[in-house]
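The values are calculated or read from the model by the stated rules, or taken from the named source; none is laboratory data. Small disclaimer: the values here were computed from a predicted structure and weren't measured. So basically every Cβ, Gly included, is an ideal-geometry build from the backbone, and we count neighbours across all protein chains shown.
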Amino acid sequence: MYVAVKGGERAIDAAHDWLAEERRGSPEIAELSIAQIREQLALAVNRVMAEGSLYDPDLAALAIKQARGDLIEAIFLIRAYRTTLPRFGSSLPVETNHMACTRRISATFKDAPGGQILGPTFDYTHRLLDFALMAEGLPAAAPGSGAPEGVTSPGAPPPEMPRITDFLNRDGLIQEEHPDAETPPDLTREPLEFPANRALRLQAITRGDEGFILGMAYSTQRGYGRNHPFVGELRFGTVSVEAEIPELGFSIEIGDIELTECETVNQFTGSKTEPPQFTRGYGLTFGHTERKAISMALVDRALRWEELGEDNAGVPAQDEEFVLSHSDNIQGTGFLEHIKLPHYVDFQSELELIRKLRAEAQAAMHQEAAE
Amino acid sequence: MTTVTIENKARKAWMSLLAKAPPTRLKELWEVSRFSALKAELLRAPEVGAMMVQGRMGGTGAAFNLGEMTVTRCTLKLPCGTTGHSMVQGRDKQHARIAAVTDALMQTDQAADVQDEILGHLAAEAGAKAAMRAAKAAGTKVEFFTMVRGED
């Protein structure tokens, strides 16, 4: 147990001053600006937005700078800031059908309707260090291919990008997703309770730690709750967020955000009355965060075992209490790192206890020797 | 519930354009416009807050909470009594204020000038940016071929 301590103010102030100095690094090197972090470390910014659960690239860049590049510390700063904001309301659900796709691939159909768009990707790179980046210079601009398809007049929403799962849906080959009018639960407002429904699970996973969700997803691939996923579709791009303005009685678009969406097509469900169907896993994350979105879809699918009538194999990825209770890196780091803070009183009692136990044991040994 | 009339369909379009405008560009356009000296009475000073963004399970199914985004809102009144509202992306209070004045002006007989000096530029620039991005994406469109394997 942590017990409050007093004193040490001078040392703490000096430590924080030193931290600021270390953060700046050598004054001979130019200082990083927030805009540089936002533009040039965009994937770090995206991760901080996704796990900080707040879409604001400038603030995420500031948090990364303040945290000296420690992303979990940066996420902590964003989560703390988030709690100071009044909540104006909820958006309408974003329509990813109308995403202006920067990237869109399918691992199930090579001739995916709408085309396969690689976008700016690390895929197919050789993972060799590029020493040219050490020398200053501008990269060659990516070529545009002249007349893009589907670019419409300004203000018009981007054309619909067909969904791979819709093609399977038409033939009844995949289980359907039905919209409903229910207000989804919000774990930032109500404490997490089990059993959680799918909406709550998805909210927890999308803000969960990327490493943890990746590990859980990987465990299902290695056989701890295997469900054989295919990436039916992975898309990344910009969507408009629309929200109702209560004073006006109609909705407006309040902004554009970048999202990554992953739909997996998984193995079958079926029964005596229903023919076999593919099942789905779903991932949706802030920013360009592909690894997270794919992992999320796999973990979502694994956690649906009960609803899909599968056996509980007793594996970690099927255990929602295990997954949801340990996916949040701020909760995790808070509990883990608090053990480095003063525990003097607590430890004092342990010390007394062990001395007592040893004294008793030694007395017993002496007695035995004497007999 | 949302009721969309023809009138508020147009208003929805300009409010959306203002919400998504790059703040520095909007300020530039405002400063050089004939309206830059206009005084408006704040009914609700610019306020920074968060909106919870919802997604849909499977892209088309029931809603879930994805995470929040920062927004700033403002309400004000022109000397003629017309009120303007805004809710814009991010935390720029000046952005929200200019967006609200612009919304109010668009409801007056000066709408054509506002359209000409501010909104027209924003729409054209947003369109050009989207077109450039789409062109780059189109440049990475691939055709995959499955290789014929040796066996019969």
**Q.** Boolean, B:Thr140 is loosely packed, with under 12 Cβ neighbours inside 10 Å, of a type in the set (Ser, Thr, Tyr), within 13 Å of another protein chain (Cβ to nearest Cβ) and more than 19 Å from the chain's Cα centre (by Cα)
**A.** no
Q. Which one of these does A:Thr102 not meet: (1) β-branched (Val, Ile, Thr); (2) in contact with a Pro (Cβ under 9 Å, 6 or more places away or on another chain); (3) surrounded by fewer than 18 Cβ atoms within 10 Å (Cβ to Cβ)?
A. (3)
Q: Could you check, for segment B:102-118, whether at least one of its residues is crowded, with 22+ Cβ neighbours inside 10 Å, touching a residue at least 12 places away in the same chain (Cβ under 8 Å) and either within 12 Å of chain A (Cβ to nearest Cβ) or closer than 24 Å to A:Phe236 by Cβ (or both)?
A: yes
(Q) Residues that are part of a helix (DSSP H, G or I), more than 14 Å from chain B (Cβ to nearest Cβ) and under 30 Å from B:Leu66 (Cα atoms): does segment A:19-38 have at least one? (A) yes
Q) Which one of A:Arg201, A:Arg189 is assigned to a helix (DSSP H, G or I), within 11 Å of chain B (Cβ to nearest Cβ) and under 28 Å from A:Ala44 (Cα atoms)? A) A:Arg201
Q | Scope segment B:105-118; condition more than 14 Å from B:Glu7 (Cα to Cα) and not in a loop (DSSP other than H, G, I, E, B); matching residues | A | B:Leu105, B:Ala112, B:Asp113, B:Val114, B:Gln115, B:Asp116, B:Glu117, B:Ile118
Q: Hey, can you tell me all the residues within segment B:38-66 that are among the aliphatic types (A, V, I, L, M) and either farther than 30 Å from A:Asp166 by Cβ or in contact (Cβ under 8 Å) with a residue 12 or more places away in the chain (or both)?
A: B:Leu38, B:Ala40, B:Leu42, B:Leu43, B:Ala45, B:Val48, B:Ala50, B:Met51, B:Met52, B:Val53, B:Leu66
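Determine whether B:Asp92 is of a type outside the set (A, V, I, L, M), more than 28 Å from A:Arg103 (Cβ to Cβ) and within 15 Å of the chain's Cα centre (by Cα).
It is true that B:Asp92 is of a type outside the set (A, V, I, L, M), more than 28 Å from A:Arg103 (Cβ to Cβ) and within 15 Å of the chain's Cα centre (by Cα).
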(Q) Just to check your reading of the model, which residue among A:Arg291, A:Arg301 is within 20 Å of the chain's Cα centre (by Cα), assigned to a helix (DSSP H, G or I), touching a residue at least 12 places away in the same chain (Cβ under 8 Å) and farther than 16 Å from A:Arg198 by Cα? (A) A:Arg291
Q: Identify, from the list A:Glu233, A:Glu242, A:Glu261, the residue that is surrounded by fewer than 24 Cβ atoms within 10 Å (Cβ to Cβ), charged (D, E, K, R), assigned to a strand (DSSP E or B) and within 14 Å of chain B (Cβ to nearest Cβ).
A: A:Glu242
Q | Of residues in segment A:310-335 being surrounded by 10 or more Cβ atoms within 10 Å (Cβ to Cβ) and more than 20 Å from the chain's Cα centre (by Cα), the one modelled with the highest pLDDT | A | A:Val315
Q) Does at least one position in segment A:308-317 carry a residue that is farther than 30 Å from A:Ser271 by Cβ and either touching a helix residue (DSSP H, G or I) at 6+ places or on another chain (Cβ under 6 Å) or of a type outside the set (Ser, Thr, Tyr) (or both)? A) no
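Inspect segment A:80-93 for any residue being within 22 Å of A:Glu290 (Cα to Cα) and not in a strand (DSSP E or B) and give the result as yes or no.
no
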Q) Of the residues A:Leu284, A:Leu234, A:Leu298, which single one is hydrophobic (A, V, I, L, M, F, W, C), farther than 17 Å from B:Ser16 by Cα and touching a Pro at 6+ places or on another chain (Cβ under 7 Å)? A) A:Leu298
Q: Sort through B:Met87, B:Met69 and tell me the only one that's touching a residue at least 60 places away in the same chain (Cβ under 8 Å), in a strand (DSSP E or B) and at the interface with chain A (Cβ under 7 Å from one of its Cβ atoms).
A: B:Met87
Q. If we keep just the residues of segment B:11-46 that are assigned to a strand (DSSP E or B) and touching a strand residue (DSSP E or B) at 6+ places or on another chain (Cβ under 6 Å), which is nearest to A:Arg201 (Cα to Cα)?
A. B:Pro46
Q: Evaluate the following for A:Thr125: is it more than 10 Å from chain B (Cβ to nearest Cβ), more than 25 Å from A:Thr165 (Cα to Cα), without any contact (Cβ under 8 Å) to a residue 40 or more places away in the chain and part of a loop (DSSP other than H, G, I, E, B)?
A: yes
